[in-house]
Every structure is written in structure tokens, then in C-alpha cells.
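Notes follow once the structure below has been shown.
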Amino acid sequence: MSLSTLTPRPTTSDHGDGSSRRHGRGFWAIALAFLTAMAFCTVPAPLYPLYMARDGFSTFMGTVVFAVYAVGVVISLLLAGHVSDWVGRKKILIPALVLELVAAALFLGDPSLPVLLVARLVSGLGIGMITATATAYLQELHAAHRPDSSRQRFEMVSTAANIGGLGVGALIAGFLAQYVDAPLRTPYLVFAVLLAVSIVAVALTPETVEAPLVKPAYRPQRINADHADRAGYLAAAAAGFASFAVFGLFTSVAPGFVAGALHLPSRALAGTIVFAVFGGAAAAQTLTSRLTGPAKVRLGLLAQALGVPLLLVGMHAASLTAFLVGGVVAGIGAGVLFKAAVGAVVAMAAPVRRGEALAGLFLVAYLGMILPSVGIGVATQAVTAGTAMDWFTGLLLVILTGVALLFRRSAASARSAN
């Protein structure tokens, strides 16, 4: 998700008028490519009920298909997310977009369950490469285009492309599946075209990283939790886990619940719900940019602690209104809390170890996306979806309580040190 606080390599580009304009156009080209890629990875979300109805696989298998995507992201983050720092942004971003295009071709070619699993894995591998690379690329293009301006435009655009893109993909796919022919093919065909255009746009954008004279030896991204503020780091990691658990819930389980328990099979509605959750998260991340870290933590904890139980009430009462409001409030909390977690990690980690610190945070966060969603899927094999959500809500509230206590301990340690 968002890596907008990542500190990329400085650029050495010429800042003449012509170069500045090229970097300005490149900034928007990369933003649109980033948004397209992130949108593509949520295209299947409103389509899961159609796959389930056609192939007869269960809610559990639907969550497995989703979890395979997150596994691909984790693998890619560890193996390739940092490589663009020395080989260049375009040499990573273009192959990553090609992987997304391959995934689209797989979805179009043979949408059987084994192919769905492979397509989601390939998509996850591409997104793991894109997230860090595109964010760093945007920051460098922004700095080259407007060297004397603040980072605010970059932060707003990168957040909108990243988190907002996740919502846009589900919204577009839902409406296409609802109102055009071939609902399991048309959304992927549209995004295949958009991804191809994105590849061309990236190819025409100026590079911002100069190749080092001596390339460093390749190694996977290091992960280390031993940083200056251990309690603060553990709090940030737990906050990432809780936030991504909410995101995972809405991209894996929620569309099936709306179609099944609420008897509302509209794909447009399923896509709108996912869009509302991620859109709320993106808007909240942007609107709270001036808040202090502790204020963001408090707001994020409170919104999630209120939103998820309200969502649970909507499930038990079969109330779409309560379900949607709870989802939006929980999404706002997840977005703000995760932004606070990334900011806390960047602030506490030494610059030379910032990559390790962020890699650890994202690894735990994506585990939060995988484990609860799969756990809910497993639980629905033996109990109702409502009971499984009762357990999820209880676990999430316990984690949020732990996050609050760890952040409080971190703050107390900082005061005593001063």
C-alpha cells in the first residue's frame, strides 16, 4: 500500500525548462500508470461471487485466491522491491507492468480455478515491484519538476494512486460486470489495454536514477525489527497488521457476503462498497496530513474500533446501510493508522536501515491481509459467516488494544529519555 514516506535516491537530472516540463509530464504519466496497476489488482474483488456461482467453489477457496495475491506481493517486496535504487526505476517498473499484463491475459484466457491462482500470484509479484518503485519515481519526478516546492503534491498524488487506485479498480470492474456483456472478460480486457498504454507512458518518461559505477551485489531486502524504539516499532507493525486486515476483508470476503447474506448480487454494488472503503482510506490519509503522529494513531484506532463492530451489526441485522457505514469508518481508520505506522517507522529507523524497517512493516502488514481473510474462509466451513466475523472483530479489538498500549509505552520511553 502506501510507501509515500520512503526516502529515495536523490536525482541528478538537469533542471532546465525543457527538462522540467518533461519531468512534469512524466510525473502524471507515472501517477496514471501507478493508479492503473493498483486498480487492476482489485478487479477480481466484485467478480468473486460470479466465479463462485460458476465453478461452485466455497468462500474459503475465494479467500485462498485472494491470499495468493498477497503472498506474491510479499515475495516480490523482499526480492525485487528495492532493486530500482541501483538499476533504475524504468527497468523495474516496465517489467512489473508486463507481469500485470500477463495476469490480465491469464484471466482472459482460461478463468478456471488453477489459472485464477496463477494469475493472482503473478499480479501480486508485479504489484510488489510497482509499489515502492512507482512511489520513489513520483517523488523524484516531482522534485525534478518543482525543486523548490513542498512534498505535498507528491504525497497527495501517490496516496490517491495507491490506496485510491485499489478502490477505483473494484468500482470500474463492478460496473462493467453489471452493465456490459461477458462480465468475467470485459473488465480484464479494458485493463489490459490500460496496462499496455501505461507501459508506453513509462517508457517515454525520463529516468531519475543514474546507474552506479559499481553495482552492488544483489541480496534480498533485509528485515530487522531491532531499531531505536523497539516498542514503537512493534506498535507500528501491529498497526499495519490491523489496518491490512480490514483492507483484506473488503477485497476478499465482503463482496461474497453482500451477494449471499444480503441477497444483493449486484456487481456494481459490490464494487461500490470496495471503492467506498478504499476511497475513505485515501481521503483520510490526505486530509489528515497535518496531524501529528500521535493524533493519527488515536484517530485511526478509534475509527477502526467503531467501524468494524458497526460493520458486524450490519451483517447480523442484514442491514446494507450499517454494513457500508461501518466499512467506510473502518477504512478511514485503517488508512490513517497505517499512514501513522509508516511515519513512525521512517522517523525511528536510521537512514541506512530504513529499507529494512519498512520491509519488516510491510511484511507484517501483508500477513495481516492474508491470515485473517483465510481464517474467516476456514471458519465459514464450520460456522456461519456472522460467527466468523464475531471472532474477527474480537481479535481485531484485542490487536487494536495492544497497538494503543505499545504506542503509549513508546511515548513514555521517549519522555523519560528526554
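The values are calculated or read from the model by the stated rules, or taken from the named source; none is laboratory data. It should be emphasised that the depicted structure is a prediction, and the values quoted were computed from it without experimental measurement. We place every Cβ from the backbone using ideal geometry, glycine too, and count neighbours over all the protein chains shown. What goes into the accessible areas is simple: the full protein's heavy atoms, side chains included, and nothing from ligands, DNA or RNA. Shrake-Rupley method; radii C 1.70, N 1.55, O 1.52, S 1.80 Å.
Selection of the range 373-384 for residues being closer than 21 Å to V73 by Cα and either open to solvent by less than 20 Å² (accessible area, probe 1.4 Å) or touching a strand residue (DSSP E or B) at 6+ places or on another chain (Cβ under 6 Å) (or both) yields S373, I376, G377.
The set of residues in the range 40-68 being modelled with pLDDT of 85 or more and among the polar types (S, T, N, Q) consists of T42 alone. Here's a check for you: in the range 184-218, which residue that is of a type outside the set (V, I, T) and open to solvent by 90 Å² or more (accessible area, probe 1.4 Å) is nearest to P44 (Cα to Cα)? Across the range 184-218, the extreme among qualifying residues is R185. Exactly one residue out of V118, V83 is over 27 Å from A173 (Cα atoms) and of a type in the set (V, I, T), and it is V83. Per the listing L106, L32, L77, the residue uniquely open to solvent by 40 Å² or more (accessible area, probe 1.4 Å) and farther than 23 Å from F275 by Cβ is L106. For the range 35-74, the set of residues classified as open to solvent by less than 20 Å² (accessible area, probe 1.4 Å) and small (G, A, S) consists of A37, A39, A45, G62, A67, A70, G72, listed by residue number. When the residues of the range 127-158 are narrowed to those that are surrounded by fewer than 24 Cβ atoms within 10 Å (Cβ to Cβ) and charged (D, E, K, R), which ends up nearest to the chain's Cα centre (by Cα)? Per the criteria, the residue is E155. The single condition among (1) modelled with pLDDT under 85; (2) surrounded by fewer than 18 Cβ atoms within 10 Å (Cβ to Cβ); (3) under 18 Å from the mean Cα position of the chain (by Cα) that L358 does not satisfy is (2). Within the range 69-120, if we keep just the residues that are acidic (D, E) and either in a helix (DSSP H, G or I) or modelled with pLDDT of 85 or more (or both), the residue that is nearest to P206 (Cα to Cα) turns out to be D85.
Screening S266 against (1) open to solvent by 30 Å² or more (accessible area, probe 1.4 Å); (2) at pLDDT below 90; (3) within 24 Å of P255 (Cα to Cα); (4) within 19 Å of the chain's Cα centre (by Cα) leaves a single unmet condition, (4).
Pairs are defined by a Cβ separation below 9 Å, a sequence spacing of at least 6 or placement on different chains, a first member in the range 110-126 that is open to solvent by 10 Å² or more (accessible area, probe 1.4 Å), and a second member that is among the basic types (K, R) and not in a helix (DSSP H, G or I); the pairs so defined are P111/R185. Against the conditions (1) among the small types (G, A, S); (2) modelled with pLDDT of 80 or more; (3) closer than 14 Å to W86 by Cα, A242 satisfies every one except (3).
Scoring T387 on the criteria (1) among the polar types (S, T, N, Q); (2) open to solvent by 10 Å² or more (accessible area, probe 1.4 Å); (3) at pLDDT below 85 leaves a single failure, condition (3).
The residues on offer are Q221, Q178, and the sole one that is touching a His at 6+ places or on another chain (Cβ under 8 Å) and either open to solvent by 80 Å² or more (accessible area, probe 1.4 Å) or closer than 30 Å to F107 by Cβ (or both) is Q221.
Would you point out the residue of the range 390-418, among those that are of a type outside the set (A, V, I, L, M, F, W, C), open to solvent by 30 Å² or more (accessible area, probe 1.4 Å) and part of a helix (DSSP H, G or I), that is nearest to A254 (Cα to Cα)? Restricting to residues being of a type outside the set (A, V, I, L, M, F, W, C), open to solvent by 30 Å² or more (accessible area, probe 1.4 Å) and part of a helix (DSSP H, G or I), the top hit is D390.
For A357, the criteria (1) under 30 Å from A132 (Cβ atoms); (2) not in a helix (DSSP H, G or I) hold in every case but one, which is (2).
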